[in-house]
Amino acid sequence: KLEKAGLLRHMRVSNAQDLVALSPPFPYYTHTGVHLYLKRRGHELGYRNLKSMFYAWSFNPLERHTLGDHLARLMKIEHKLEGKTIAGLYADKKVIGEFSK
């Protein structure tokens, strides 16, 4: 409710193949916020941007849940994120899609 009212703005960052980020802790939980999805080569920005747990298949499922891995992937795309703000992302219909205030 706070997010739809424009009182809360936030970004969720997750790595591709991060099983933890794809596993909600309890039923009826839903991820919110602008989602920065870090891939091995590149990224996706979207609202919620839900992925199936099949995207997280890995021989070492916790390997992609480390801060070091997040940082390494963020550093690769840093130039693409420069100048972007949370308010700007929420105002961009290409990012938030059907989400409305």
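Computed from the coordinates by the stated procedures, all read-outs in this text should not be read as laboratory data. These numbers come from a predicted model, not from an experiment.
For this structure, a couple of remarks:
- Length gained when the stretch Lys93-His10 is fully extended (0.36 nm per residue, less Cα-Cα span): 28.3 nm
- Within straight-line cross-link reach of Lys76, aspartates and glutamates at Cα separation under 14 Å, skipping those fewer than 8 residues along the same chain: Glu44
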